[in-house]
Every structure is written in structure tokens, then in C-alpha cells.
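Presented below is the structure to which this report refers.
Rule-based calculations on the coordinates, nothing more; no lab input. Values in this document were obtained by computation on a predicted structure and should not be read as measured data. In this analysis, Cβ positions are derived from the backbone assuming ideal geometry, glycine residues included, and neighbour counts consider all displayed protein chains.
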Amino acid sequence: MTSIRSMKKQWYDYLWIFSLSYLILGFINIMFAWLGLLCFFIPLIIAIIKGTKGYCSRYCGRGQLFSLLGGRFGLSRKKDIPGWMKSKWFRYGFLVFFFAMFFLMLWNTYLVFAGAQDLKQVVTLLWTFKVPWKWAYHGTLFHPGVAQFAFGFYSVMLTSTILGLITMVLFKPRSWCVYCPMGTMTQLICKARSGRNGVKLSS
Amino acid sequence: MTAVRSKRKAFVAQKDCVACGCCVKVCPFGAIRIIKGITARVDMDRCIGCGKCVKECPASIIEIREVCE
């Protein structure tokens, strides 16, 4: 017998507040950018240990934020995403590109740690536009490299938020989820894990 | 007593599914699940073909089809 499921809100339905705060804190003190590592490691840990994409549907604050802005706030056209954006080619291509840029950021951090390069107080948007971000830097108790990573990581997070917002407006609220590199990667991990057990997927 | 059900059901194009779980969140009957983090799957006994998942799916890969019971 079909029965209506309880739609009661859970604590994790409010994680969009965390994501929004994260973006704001980056304007106040760049060192908060380090907190963003949670959004990298938690989905990976869930995928590796549990073999699910539970993070995406439950805990992803960014997805919730897009849902809220595009849904309740009506900031989305709610049109279908173009075919090429959901193709494997684009999704895997974007994952590779995203990681290449991520490693470039790590390399720049390394150069600052090694003393070969000075700390750059800029946030790079869309991997191209260098925005001066001095107001959010108040020195560090640690090595300047720690701050360089914060600037680099916040650039990654802000860039992906901007892309997500653009596709939210143009297409459906959570269009970002289609090509989110973390989502693609956790799905690959899940596939690799269940591939060994030979999962049957047809419904 | 048997419940009168619509003969409309949701179908997922599984090869294009990104397993984000947006459909799971909106289904009022808990009729759709993500299988092993790979793809969504519809429980045909529970699905009433309301189409909420169709609207929600960011990849637009779910459709409602008429089925013979």
C-alpha cells in the first residue's frame, strides 16, 4: 500500500546556512576558507566507506542553497539543461579540468611554502580574473603558505558557486549537481566499489 | 479493498543519472531510491506517477509514462 512519507525537516536540511556563512566568512577573514575542506572530504569518506552518494541528497549545503534560491525565491527559469552538459564527456572533462586547476592551486601554495613565491592576496574567479582580496587578510599565525592555500581554496569555492548560480538561473535550480566534480567523483567511486560485486541496476 | 492507482509511472534514464538524489527528496511516497550511489530506481508499486521527481531532476532524465497494469 502506498503511503505518504513524512516530510518533516531534519537538522541536515539546514546545512545551506553553513554554505551561505562560508561564502560570507570568506569576505571577512580568508582563513575561514580552510573549513571548505569539509565539503571535499565528507562526500569522499561517505563514498569510500559506505559506497553511497548520501552526501549529495542529504548534507550538501550548496545544493540546498541552489534549491532554495532557484525554488522558493524563484531565481531559476526551470528549463531543461542542454544535452551536452549532462553527457559523460562533459562531466568527466569538467572533473579533469577542475582537478588540474586544483593541483595548480596546490602547486602555487607549495611555491609560497618553499619561499619561491610571495603570498598573493587575490581571489581568482573563473580561473582567470584576479580580484584583490586584501580586506579579508589580517595576517596569519602560521606560514604565509597557509594563507595562500586559503586564498586558492576560496577561489575554487567561489568560482564553483558562481558557475552553479549561473546554471541555476538558466536551467533548473540544482543544475550544478549534474556536473559537480565532487558528485561525478563520488559516483565514480561508488561505481568502482560496486563493480566488484556486480550490481544489477535495471528496474 | 484495493487502492485505485493511476497507471502513470516515473521512468529514469539510468545511463544519464548522476545519482544526486534530488528526486528522492521530493517523492511524497518514498518510491524512488538511489542504488549504491550510481543511479536512481523507481519502486513501481509505490510510484503513483505524480511527476514531482520529473520537475525536480536537474538533468531532466525522468519521464512519466503510461503503463498497463
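Tabulated values for the structure
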{"item": "Residues of region A:23-76 classified as crowded, with 22+ Cβ neighbours inside 10 Å and more than 16 Å from A:C177 (Cβ to Cβ), total", "result": "4"}
{"item": "Tabulated pairs, region A:44-59, first touching a residue at least 12 places away in the same chain (Cβ under 8 Å), second outside any helix (DSSP H, G or I) and hydroxyl-bearing (S, T, Y), C-beta under 9 angstrom, 6+ apart or interchain", "result": "A:I46/A:T52"}
{"item": "Within region A:121-203, helices (runs of 4 or more DSSP H) holding 1 or more residues that are more than 14 Å from chain B (Cβ to nearest Cβ) and in contact (Cβ under 8 Å) with a residue 40 or more places away in the chain", "result": "A:144-170"}
{"item": "Residue within region A:163-182 that is more than 19 Å from A:P82 (Cα to Cα), surrounded by fewer than 22 Cβ atoms within 10 Å (Cβ to Cβ) and within 15 Å of the chain's Cα centre (by Cα) present", "result": "no"}
{"item": "Filter result for the condition that a residue is closer than 23 Å to B:E56 by Cβ, in contact with a helix residue (DSSP H, G or I) (Cβ under 9 Å, 6 or more places away or on another chain) and away from chain B (no Cβ under 11 Å), over A:C56, A:C60, A:C39", "result": "A:C39"}
{"item": "Conditions (1) away from chain B (no Cβ under 14 Å); (2) surrounded by 11 or more Cβ atoms within 10 Å (Cβ to Cβ): number failed by A:W11", "result": "(2)"}
{"item": "Region B:16-46: number of residues that are crowded, with 21+ Cβ neighbours inside 10 Å and more than 8 Å from every other protein chain (Cβ to nearest Cβ)", "result": "4"}
{"item": "3 or more residues in contact (Cβ under 8 Å) with a residue 24 or more places away in the chain: qualifying strands (runs of 3 or more DSSP E) within region B:13-69", "result": "B:39-42, B:62-66"}
{"item": "B:A13 aliphatic (A, V, I, L, M), more than 7 Å from every other protein chain (Cβ to nearest Cβ) and surrounded by fewer than 22 Cβ atoms within 10 Å (Cβ to Cβ)", "result": "yes"}
{"item": "Which listed residue is free of Cβ contacts under 8 Å to residues at least 40 places away in the same chain and basic (K, R), from A:K79, A:K9", "result": "A:K9"}
{"item": "Residues of region A:81-104 satisfying the condition of being surrounded by fewer than 16 Cβ atoms within 10 Å (Cβ to Cβ) and assigned to a loop (DSSP other than H, G, I, E, B)", "result": "A:P82, A:S87"}
